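The values are calculated or read from the model by the stated rules, or taken from the named source; none is laboratory data. The structure displayed is predicted, hence computed values, not measured ones. All Cβ positions, even for glycine, are placed from backbone atoms using ideal geometry, and neighbour counts span all protein chains on display.
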């Protein structure tokens, strides 16, 4: 009854698809968060749902932790095997199983990445809009309820996942949801697994909603005198129901870095990066309305990109901002925050959080999925400097406290994992968090599914 | 330890706000479904969340069922006290507590009805779009995951409920969700309570998402040669991402009844009733695109209504279709079905279901929230004729079987209650349904919350 005995029991069935080799374990022990490399005791690569069920059943019998692993891009330590155990990699379960053009949905295995899915969709006129920065796996994105720049228009994984196949801790295989667009058919188990971070079950198949590629796309950037003006413009855009596809806040520090990194020469001021999807006329009208709103709020230099290459260049600048910042701060790494507040509090929350950063400390950058009230303040710390990391943590905690005081959430899209666990009782109330713990214990009495994350006392 | 002792324990605190009078009990014993009048043992009218918690705590101690009651308009027997107990009426918890214009959300008590909320929102430029036929309570709508004609554009209660206050079976008061537009903050308890039909907790406060009243609205109706053509037009509209606000299928039988009941003279053919929300130009463009799609699919007589009074008249005709049908079939009542399938299967599902109805039996009408793949076949039965009701039940069951075979759900928007319970194992698999039962027992070990509904073995 141990991790070792679970590995021994699984080895005969999985052979080379179960590894205890040091380099492999090290590779799966890394994480994109601030946790030291923590290798699992073994890595297993199942190829079918039944094999996942075998792993679960065996681990459940032996009391061995299972950490489901998609692309390893999560940001709050979700994949860190803090209690050891077996990392279950979905590298070999990465096929797009069905594409239903007419119904605009697709059935995929959890290891499919978002870019892979969009590649396979290219000929259909459909696309999958959820775009966290990394090329994350769809399974992992569901598990962390991921979103990205298009959430303001297309929603998050919460709205995108229609149905799931899930292996429970004891090896039971269940199916949740249907391919119908709505349902009043009992408890919404699909939504319960979405965002459960591998602690309630192991997602082995997903049906996701797709969208039609718009007839026309145009993008624009606009500089603002101050962040308040930019946020105000976003707020008015949302209130006027302009169906912007993206409306991203990029602060002056990021712009400076982007200018230095690529061959842009944008004004060193806060910017909005905006994208419009629709018909030719619709896109033009949206752009006109938003252009006016921007000017009214101190925006200037409204710049257009209707050609695909210009648009791609613009979004590449936005997406690569982190590399630009890294280039500007050699040897430093971003310590990321993820506040999300009601949009009326966004400017205030953001400005206060920026003011918190002592002038003589590290650089802090801000990008924001402003239409959702979500922003990421990122502290460029020296990873070797414990003092700086301690300060970053302290500042990040202050953002979380502030966010909660404003009626928001400590995590807009990165999840809870290990990093945000300490705020769960405060955000949900002790009673609410305990209720999550009760659900966890009901689904996984032995506590083998991604222990140490999200719920109380595990 | 009984229903009687629970009532006796509550009586001193609630006084006249707890009634065991026969006429009151009878009133709360009625339902809009096909279940005989089943009075509860008592009705209680709490005024605060704390009072609801007192009721729950007391009933939990005494093993007395609680049936939460909003407006009593549910269609699957959700409010029938099949095991007796206390009906908890939200008549006195019907205030709109907060309206946040800037964030476009509102905080309401569960007894607020959807029309009441829209009345209170009138001055704000915002509206609440979820519109089941009846003037249901927001609490009840959340509990049954209701939707309506606008779901194709604005989603259902699933997308509308942002946060809840819930009294648990043992009287604990918890809060779920936040006013932020998205979150990756642990298990989605909000979505778990939405659609739980009063079996997991008692909703005592809701934060709901609002939308901006569109600058322009126009509506249109269009006649089709056949239902297939109408459904095809809907499907193409959705695939082209035209953001229709409503796209409703109304069959020839309904049109005949509407013509007879009001002073319309529409062609006696299947129709689409469509509404567009947007800017002036946007609405005109949408209408043009959809108009073309309709003509390509055999639509004709495309008729416009941009003036508010014409539009209201048109939607009144759609909303009153049931009274029109009732007028056409004196003494008869509709036996409603609620299938929802992937849109590619909608025409087939609908046509086969219509063909099932023997020619020498009752009239059957079809209306459909076609953009969602959801339709209601309604059998106009004589409520005194057991044979007809038996036939209606048999036909309805066949629709459910067919829906499941096509990858859909047995309930698009009416819920499970008592009526659809027999299909739960088939829709979710025995394992999936049992998992719902496990959640139920975890939340409500004594089984006092709306027993006899939704979950297995209670």
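Descriptive notes on the structure:
- With respect to the conditions (1) surrounded by fewer than 17 Cβ atoms within 10 Å (Cβ to Cβ); (2) farther than 24 Å from residue B:256 by Cβ; (3) modelled with pLDDT of 95 or more, residue B:358 lacks only one, and its number is (2).
- Filter result for the condition that a residue is assigned to a helix (DSSP H, G or I), modelled with pLDDT under 95 and touching a helix residue (DSSP H, G or I) at 6+ places or on another chain (Cβ under 7 Å), over B:316, B:324: B:324
- Residue match in the stretch B:278-285 (condition: over 19 Å from residue B:349 (Cβ atoms), away from chain A (no Cβ under 14 Å) and surrounded by 22 or more Cβ atoms within 10 Å (Cβ to Cβ)): no
- Residue within the stretch B:382-403 that is part of a strand (DSSP E or B), within 11 Å of chain A (Cβ to nearest Cβ) and at pLDDT 95 or above present: no
- In the set (1) within 22 Å of residue B:252 (Cβ to Cβ); (2) within 14 Å of another protein chain (Cβ to nearest Cβ); (3) within 17 Å of the chain's Cα centre (by Cα), the condition left unmet by residue B:409 is number (1).
- Matching residues, the stretch A:12-31, being under 14 Å from residue A:46 (Cβ atoms) and surrounded by 15 or more Cβ atoms within 10 Å (Cβ to Cβ): A:14, A:17, A:18, A:19
- The residues listed here are A:72, A:63; of these, the one that is within 22 Å of residue A:114 (Cα to Cα) and surrounded by fewer than 21 Cβ atoms within 10 Å (Cβ to Cβ) is A:72.
- Top-ranked residue in the stretch A:166-193 [being within 21 Å of the chain's Cα centre (by Cα) and more than 7 Å from chain B (Cβ to nearest Cβ); ranked as surrounded by the fewest Cβ atoms within 10 Å (Cβ to Cβ)]: A:190
- Scanning the stretch A:381-395 for residues that are in contact with a strand residue (DSSP E or B) (Cβ under 9 Å, 6 or more places away or on another chain) and surrounded by fewer than 23 Cβ atoms within 10 Å (Cβ to Cβ) yields a total of 7.
- Residues that are assigned to a loop (DSSP other than H, G, I, E, B) and either out of contact with any helix residue (DSSP H, G or I) (no Cβ under 9 Å at 6 or more places or on another chain) or more than 13 Å from residue B:342 (Cα to Cα) (or both), drawn from the stretch B:412-428: B:413, B:414, B:415, B:416, B:417, B:418, B:419, B:420
- Number of the exception - residue B:371 against (1) in contact with a helix residue (DSSP H, G or I) (Cβ under 6 Å, 6 or more places away or on another chain); (2) closer than 27 Å to residue B:235 by Cβ; (3) surrounded by fewer than 24 Cβ atoms within 10 Å (Cβ to Cβ): (3)
- Residue match in the stretch A:435-453 (condition: at the interface with chain B (Cβ under 7 Å from one of its Cβ atoms), more than 25 Å from residue A:375 (Cβ to Cβ), touching a strand residue (DSSP E or B) at 6+ places or on another chain (Cβ under 7 Å) and not in a loop (DSSP other than H, G, I, E, B)): yes
- The stretch B:323-359, residues that are closer than 24 Å to residue B:74 by Cα, more than 14 Å from chain A (Cβ to nearest Cβ) and touching a strand residue (DSSP E or B) at 6+ places or on another chain (Cβ under 8 Å): B:325, B:326, B:329, B:332, B:333, B:334, B:335, B:353
- Residue count for the stretch B:288-303, restricted to those that are closer than 13 Å to residue B:273 by Cα and either surrounded by 15 or more Cβ atoms within 10 Å (Cβ to Cβ) or free of Cβ contacts under 8 Å to residues at least 60 places away in the same chain (or both): 5
- Scanning the stretch B:412-433 for residues being buried (at least 17 other Cβ atoms within 10 Å of the Cβ) and more than 7 Å from chain A (Cβ to nearest Cβ) gives a total of 7.
- Among residues of the stretch A:240-277, those that are free of Cβ contacts under 8 Å to residues at least 24 places away in the same chain, farther than 21 Å from residue A:378 by Cβ and away from chain B (no Cβ under 13 Å), counted: 2
- Filter result for the condition that a residue is without any contact (Cβ under 8 Å) to a residue 12 or more places away in the chain and either in contact with a helix residue (DSSP H, G or I) (Cβ under 9 Å, 6 or more places away or on another chain) or under 23 Å from residue B:158 (Cα atoms) (or both), over B:183, B:230, B:219, B:212: B:183
- Subset of the stretch A:82-129 (residues that are in contact (Cβ under 8 Å) with a residue 24 or more places away in the chain, within 12 Å of chain B (Cβ to nearest Cβ) and within 23 Å of residue A:245 (Cα to Cα)): A:101, A:103, A:104, A:105, A:124, A:125, A:126, A:127, A:129
- Test for residue B:151: is it facing another protein chain (nearest Cβ under 10 Å) and closer than 18 Å to residue B:214 by Cβ: yes
- Positions within the stretch A:304-330 being under 30 Å from residue A:382 (Cβ atoms) and free of Cβ contacts under 8 Å to residues at least 60 places away in the same chain, in sequence order: A:316, A:317, A:326, A:329, A:330
- Subset of the stretch B:434-455 [surrounded by fewer than 16 Cβ atoms within 10 Å (Cβ to Cβ) and either in contact (Cβ under 8 Å) with a residue 40 or more places away in the chain or out of contact with any helix residue (DSSP H, G or I) (no Cβ under 6 Å at 6 or more places or on another chain) (or both)]: B:441, B:445
- Checking the stated criteria, residue B:143 turns out to be touching a residue at least 24 places away in the same chain (Cβ under 8 Å) and surrounded by 24 or more Cβ atoms within 10 Å (Cβ to Cβ).
- Residue within the stretch B:83-93 that is at pLDDT 95 or above, surrounded by fewer than 20 Cβ atoms within 10 Å (Cβ to Cβ), under 21 Å from the mean Cα position of the chain (by Cα) and within 30 Å of residue B:338 (Cα to Cα) present: yes
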